[in-house]
Amino acid sequence: MLKLTDKQLKLYRIIDIVGLIFVSIGLFNNIVDGVDQQPFTHSILYPYTNFLVPGTNLFTLILCSVYLFTPTQVWIIFLLFIIQTVNLILTGYTDIGIILYVNCIAIGFCTGFAKKHFRIKAAIFCSFLPLLLLTIVPFYAHEATWLKGWLTYFYYLGYTAFTVSCYFVLYQLLSDKLSFLLGDYKVPDLSPSINLPEKGTELDLKSLGLTDRQIACIEYTITTSYNYKQIADKLITSESTVKKDMQDMYKFFGVKNREMLRILLLQYTII
(Lines give C-alpha, C1' and ligand atoms only; values in the text may rest on other atoms or scores of the structure.)
Protein backbone atom coordinates (compact mmCIF):
# COMPACT_ATOMS: atom_id res chain seq x y z
CA MET A 1 0.00 0.00 0.00
CA LEU A 2 1.22 3.50 -0.84
CA LYS A 3 2.54 5.38 2.19
CA LEU A 4 1.13 8.88 2.43
CA THR A 5 2.81 11.87 4.03
CA ASP A 6 1.27 13.86 6.87
CA LYS A 7 0.57 16.69 4.44
CA GLN A 8 -1.34 14.37 2.09
CA LEU A 9 -3.38 12.97 4.98
CA LYS A 10 -4.28 16.50 6.06
CA LEU A 11 -5.47 17.28 2.53
CA TYR A 12 -7.64 14.16 2.51
CA ARG A 13 -9.07 15.28 5.82
CA ILE A 14 -10.06 18.59 4.22
CA ILE A 15 -11.86 16.68 1.46
CA ASP A 16 -13.67 14.61 4.06
CA ILE A 17 -14.79 17.60 6.15
CA VAL A 18 -16.05 19.58 3.15
CA GLY A 19 -17.68 16.42 1.78
CA LEU A 20 -19.39 15.86 5.13
CA ILE A 21 -20.86 19.38 4.96
CA PHE A 22 -21.95 18.86 1.35
CA VAL A 23 -23.66 15.54 2.08
CA SER A 24 -25.34 17.01 5.18
CA ILE A 25 -26.85 19.75 3.03
CA GLY A 26 -27.99 17.15 0.50
CA LEU A 27 -29.61 15.01 3.20
CA PHE A 28 -31.31 18.08 4.68
CA ASN A 29 -32.73 18.94 1.25
CA ASN A 30 -33.96 15.36 0.82
CA ILE A 31 -35.87 15.60 4.09
CA VAL A 32 -37.29 19.09 3.52
CA ASP A 33 -38.04 19.04 -0.22
CA GLY A 34 -38.42 15.31 -0.74
CA VAL A 35 -37.37 13.44 -3.87
CA ASP A 36 -40.55 13.58 -5.93
CA GLN A 37 -39.42 16.29 -8.33
CA GLN A 38 -36.92 16.53 -11.16
CA PRO A 39 -34.34 15.21 -11.66
CA PHE A 40 -35.30 12.32 -9.35
CA THR A 41 -38.45 11.65 -11.35
CA HIS A 42 -36.25 11.39 -14.46
CA SER A 43 -34.04 8.67 -13.04
CA ILE A 44 -34.03 4.93 -13.60
CA LEU A 45 -34.62 4.29 -9.87
CA TYR A 46 -37.77 6.38 -9.48
CA PRO A 47 -40.02 5.93 -7.41
CA TYR A 48 -37.54 4.05 -5.18
CA THR A 49 -35.53 7.25 -4.85
CA ASN A 50 -37.80 8.19 -1.92
CA PHE A 51 -35.77 5.98 0.41
CA LEU A 52 -32.65 5.15 -1.66
CA VAL A 53 -31.39 8.73 -1.98
CA PRO A 54 -31.75 9.77 1.70
CA GLY A 55 -30.45 6.34 2.75
CA THR A 56 -27.35 6.66 0.57
CA ASN A 57 -26.66 10.18 1.79
CA LEU A 58 -27.06 9.07 5.40
CA PHE A 59 -24.66 6.16 4.85
CA THR A 60 -22.17 8.54 3.20
CA LEU A 61 -22.51 10.91 6.14
CA ILE A 62 -21.70 8.08 8.56
CA LEU A 63 -18.62 7.06 6.54
CA CYS A 64 -17.41 10.68 6.46
CA SER A 65 -17.71 10.78 10.25
CA VAL A 66 -15.82 7.50 10.58
CA TYR A 67 -12.96 8.81 8.48
CA LEU A 68 -12.49 11.76 10.84
CA PHE A 69 -11.32 9.25 13.46
CA THR A 70 -9.35 7.03 11.03
CA PRO A 71 -7.46 9.51 8.81
CA THR A 72 -4.97 6.91 7.53
CA GLN A 73 -7.74 4.83 5.95
CA VAL A 74 -7.86 6.84 2.74
CA TRP A 75 -9.68 4.02 0.93
CA ILE A 76 -12.79 5.32 2.70
CA ILE A 77 -12.51 8.59 0.75
CA PHE A 78 -12.36 6.78 -2.57
CA LEU A 79 -15.24 4.52 -1.54
CA LEU A 80 -17.29 7.65 -0.77
CA PHE A 81 -16.48 9.05 -4.22
CA ILE A 82 -17.64 5.85 -5.92
CA ILE A 83 -20.82 5.53 -3.84
CA GLN A 84 -21.88 9.08 -4.58
CA THR A 85 -20.93 8.77 -8.26
CA VAL A 86 -23.27 5.80 -8.63
CA ASN A 87 -25.95 7.49 -6.52
CA LEU A 88 -25.87 10.74 -8.51
CA ILE A 89 -25.85 9.16 -11.95
CA LEU A 90 -28.65 6.71 -11.14
CA THR A 91 -30.83 9.45 -9.65
CA GLY A 92 -30.61 12.01 -12.44
CA TYR A 93 -27.62 14.13 -11.40
CA THR A 94 -25.45 12.74 -14.17
CA ASP A 95 -23.29 15.83 -14.70
CA ILE A 96 -22.33 16.07 -11.04
CA GLY A 97 -21.70 12.33 -10.88
CA ILE A 98 -19.27 12.51 -13.80
CA ILE A 99 -17.37 15.45 -12.27
CA LEU A 100 -17.18 13.63 -8.94
CA TYR A 101 -15.78 10.49 -10.55
CA VAL A 102 -13.18 12.33 -12.62
CA ASN A 103 -12.11 14.27 -9.52
CA CYS A 104 -11.76 10.97 -7.66
CA ILE A 105 -9.41 9.61 -10.31
CA ALA A 106 -7.45 12.88 -10.49
CA ILE A 107 -6.93 12.97 -6.72
CA GLY A 108 -5.82 9.34 -6.69
CA PHE A 109 -3.44 10.02 -9.57
CA CYS A 110 -1.90 13.04 -7.84
CA THR A 111 -1.42 11.01 -4.67
CA GLY A 112 0.63 8.49 -6.61
CA PHE A 113 -1.78 5.56 -6.90
CA ALA A 114 -1.05 5.36 -10.64
CA LYS A 115 2.66 4.73 -10.20
CA LYS A 116 2.19 0.96 -10.45
CA HIS A 117 -0.03 -1.02 -12.84
CA PHE A 118 -1.04 2.20 -14.59
CA ARG A 119 -2.54 0.49 -17.65
CA ILE A 120 -4.74 -1.82 -15.59
CA LYS A 121 -6.01 1.04 -13.44
CA ALA A 122 -6.58 3.23 -16.51
CA ALA A 123 -8.57 0.41 -18.14
CA ILE A 124 -10.79 0.11 -15.06
CA PHE A 125 -11.34 3.86 -15.02
CA CYS A 126 -12.17 3.99 -18.73
CA SER A 127 -14.67 1.12 -18.52
CA PHE A 128 -16.49 1.76 -15.22
CA LEU A 129 -18.11 5.08 -16.06
CA PRO A 130 -19.28 4.18 -19.61
CA LEU A 131 -20.88 1.01 -18.21
CA LEU A 132 -22.58 2.99 -15.45
CA LEU A 133 -23.85 5.57 -17.94
CA LEU A 134 -25.56 2.80 -19.92
CA THR A 135 -28.26 2.83 -17.23
CA ILE A 136 -29.62 6.11 -18.61
CA VAL A 137 -30.37 4.58 -22.03
CA PRO A 138 -33.47 2.52 -21.05
CA PHE A 139 -35.05 5.46 -19.23
CA TYR A 140 -34.75 7.90 -22.12
CA ALA A 141 -35.81 5.15 -24.52
CA HIS A 142 -38.93 4.62 -22.40
CA GLU A 143 -39.69 8.35 -22.18
CA ALA A 144 -39.02 9.06 -25.87
CA THR A 145 -37.22 6.67 -28.22
CA TRP A 146 -34.16 4.43 -28.21
CA LEU A 147 -32.48 7.00 -30.43
CA LYS A 148 -32.99 9.61 -27.72
CA GLY A 149 -31.54 7.19 -25.17
CA TRP A 150 -28.38 6.54 -27.15
CA LEU A 151 -27.94 10.19 -28.12
CA THR A 152 -28.10 11.12 -24.44
CA TYR A 153 -25.61 8.38 -23.61
CA PHE A 154 -23.07 9.59 -26.16
CA TYR A 155 -23.62 13.17 -25.02
CA TYR A 156 -22.52 12.22 -21.52
CA LEU A 157 -19.59 10.21 -22.88
CA GLY A 158 -18.47 13.33 -24.74
CA TYR A 159 -18.93 15.37 -21.58
CA THR A 160 -16.75 12.89 -19.68
CA ALA A 161 -14.06 12.95 -22.37
CA PHE A 162 -14.01 16.75 -22.31
CA THR A 163 -13.65 16.84 -18.50
CA VAL A 164 -10.82 14.29 -18.60
CA SER A 165 -9.09 16.23 -21.39
CA CYS A 166 -9.08 19.36 -19.21
CA TYR A 167 -7.19 17.48 -16.48
CA PHE A 168 -4.86 16.01 -19.10
CA VAL A 169 -4.03 19.45 -20.48
CA LEU A 170 -3.36 20.74 -16.95
CA TYR A 171 -1.02 17.80 -16.40
CA GLN A 172 0.86 18.52 -19.62
CA LEU A 173 1.18 22.20 -18.71
CA LEU A 174 2.68 21.22 -15.35
CA SER A 175 4.52 18.11 -16.56
CA ASP A 176 7.95 19.31 -15.42
CA LYS A 177 6.72 19.36 -11.83
CA LEU A 178 4.24 16.48 -11.89
CA SER A 179 5.88 13.84 -14.08
CA PHE A 180 6.96 11.81 -11.05
CA LEU A 181 3.32 10.73 -10.68
CA LEU A 182 3.85 8.24 -13.49
CA GLY A 183 6.07 5.32 -12.60
CA ASP A 184 7.67 4.98 -16.05
CA TYR A 185 8.77 8.59 -16.46
CA LYS A 186 12.27 8.90 -17.94
CA VAL A 187 14.54 11.44 -16.33
CA PRO A 188 16.40 13.32 -19.12
CA ASP A 189 20.19 13.29 -19.37
CA LEU A 190 20.52 10.57 -16.75
CA SER A 191 24.21 9.73 -16.28
CA PRO A 192 24.55 8.23 -12.79
CA SER A 193 27.87 7.34 -11.20
CA ILE A 194 26.38 3.94 -10.30
CA ASN A 195 24.28 1.26 -11.94
CA LEU A 196 20.75 1.86 -10.73
CA PRO A 197 18.37 -1.11 -10.30
CA GLU A 198 15.25 -1.56 -12.42
CA LYS A 199 12.52 1.00 -11.83
CA GLY A 200 9.81 -0.12 -9.45
CA THR A 201 12.23 -2.18 -7.34
CA GLU A 202 13.83 -1.44 -3.99
CA LEU A 203 16.73 1.00 -3.69
CA ASP A 204 18.90 0.70 -0.57
CA LEU A 205 20.48 4.11 -0.06
CA LYS A 206 22.87 2.92 2.65
CA SER A 207 24.33 0.32 0.30
CA LEU A 208 25.26 3.13 -2.09
CA GLY A 209 27.69 4.59 0.40
CA LEU A 210 25.66 7.72 1.17
CA THR A 211 26.02 9.37 4.56
CA ASP A 212 23.15 9.52 7.05
CA ARG A 213 22.82 13.25 6.40
CA GLN A 214 22.63 12.73 2.64
CA ILE A 215 19.99 10.04 3.11
CA ALA A 216 18.03 12.39 5.36
CA CYS A 217 18.24 15.09 2.67
CA ILE A 218 16.84 12.62 0.15
CA GLU A 219 13.98 11.66 2.46
CA TYR A 220 13.03 15.30 3.01
CA THR A 221 13.26 15.90 -0.75
CA ILE A 222 10.85 13.05 -1.49
CA THR A 223 8.33 13.47 1.33
CA THR A 224 8.23 17.24 1.86
CA SER A 225 8.42 20.56 0.04
CA TYR A 226 11.11 21.88 2.37
CA ASN A 227 13.71 24.23 0.95
CA TYR A 228 17.42 23.97 1.79
CA LYS A 229 17.07 26.22 4.83
CA GLN A 230 14.23 24.16 6.30
CA ILE A 231 16.11 20.90 5.71
CA ALA A 232 19.19 22.39 7.37
CA ASP A 233 17.12 23.39 10.39
CA LYS A 234 15.73 19.88 10.69
CA LEU A 235 19.19 18.34 10.47
CA ILE A 236 20.73 20.98 12.77
CA THR A 237 23.37 21.97 10.25
CA SER A 238 24.11 24.88 7.93
CA GLU A 239 22.29 25.64 4.71
CA SER A 240 25.56 25.59 2.76
CA THR A 241 26.25 22.03 4.00
CA VAL A 242 22.86 20.85 2.76
CA LYS A 243 23.44 22.54 -0.60
CA LYS A 244 26.81 20.82 -0.95
CA ASP A 245 25.31 17.43 -0.04
CA MET A 246 22.54 17.93 -2.58
CA GLN A 247 24.98 18.98 -5.31
CA ASP A 248 27.06 15.88 -4.63
CA MET A 249 23.96 13.70 -4.93
CA TYR A 250 22.93 15.36 -8.18
CA LYS A 251 26.27 14.29 -9.66
CA PHE A 252 26.05 10.88 -7.98
CA PHE A 253 22.61 10.09 -9.46
CA GLY A 254 23.29 11.87 -12.74
CA VAL A 255 20.58 14.54 -12.55
CA LYS A 256 20.64 18.31 -12.98
CA ASN A 257 18.52 19.53 -10.11
CA ARG A 258 16.43 18.64 -7.08
CA GLU A 259 13.22 18.10 -9.01
CA MET A 260 14.87 15.56 -11.33
CA LEU A 261 16.32 13.78 -8.30
CA ARG A 262 12.85 13.62 -6.78
CA ILE A 263 11.35 12.32 -10.03
CA LEU A 264 14.03 9.65 -10.26
CA LEU A 265 13.84 8.39 -6.68
CA LEU A 266 10.04 8.31 -6.51
CA GLN A 267 10.21 5.51 -9.08
CA TYR A 268 11.80 3.25 -6.46
CA THR A 269 10.87 1.88 -3.08
CA ILE A 270 13.44 3.54 -0.86
CA ILE A 271 14.76 1.40 2.00
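The values are calculated or read from the model by the stated rules, or taken from the named source; none is laboratory data. As the structure is a prediction and not an experimental result, all values here were calculated from the model. Here the Cβ positions follow ideal geometry from the backbone for every residue, glycine too, while neighbour counts run over all protein chains shown. All accessible areas refer to the heavy atoms of the entire protein, side chains included, with ligands and DNA or RNA removed. Shrake-Rupley method; radii C 1.70, N 1.55, O 1.52, S 1.80 Å.
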Structure-based [θ]222 nm, the chain - -39500 (n - 2.57) summed over DSSP H runs of at least 4, per residue, nearest 500 | -22000 deg cm²/dmol
Take the Cβ-Cβ distance between Thr145 and Thr269 as r, set R0 to 51 Å, and report the resulting FRET efficiency rounded to the nearest 0.05.
-> 0.40
Averaged per residue, what accessible area in Å² does segment 1-82 show with a 1.4 Å probe, protein chains only?
-> 62
Of the accessible area of the chain, computed with a 1.4 Å probe and all protein chains kept, carbon and sulfur make up a percent value of 66
State the extension gain, in nm to one decimal, for the chain segment bounded by Asp233 and Ser193, taking 0.36 nm per residue of separation less the distance between their alpha-carbons.
-> 11.5 nm
FRET efficiency for Gln37 and Val66 from the Cβ-Cβ distance with R0 = 25 Å, rounded to 0.05, comes out at 0.20
Say each of Leu134 and Phe59 gets a label point 7 Å from the Cα, pointing the same way as Cα to Cβ; how far apart are those two points in nm?
-> 2.2
Average projected area [Cα convex hull, the chain], square nanometres | 16.9
If R0 is 51 Å, what FRET efficiency do you get for Asn50 and Thr224 from their C-beta distance, rounded to 0.05?
-> 0.55
Extension gain from Ile17 to Tyr159, taking 0.36 nm per residue of separation minus the Cα-Cα distance | 48.3 nm
Pair Glu259, Gln247: separation of 7 Å Cα→Cβ label points (nm) = 2.1
Segment 105-170 - accessible surface per residue (Å², probe 1.4 Å) = 64
What is the gain in length, in nm to one decimal, between Ala122 and Ser207 on full extension, counting 0.36 nm per residue of separation less the C-alpha to C-alpha distance?
-> 27.1 nm
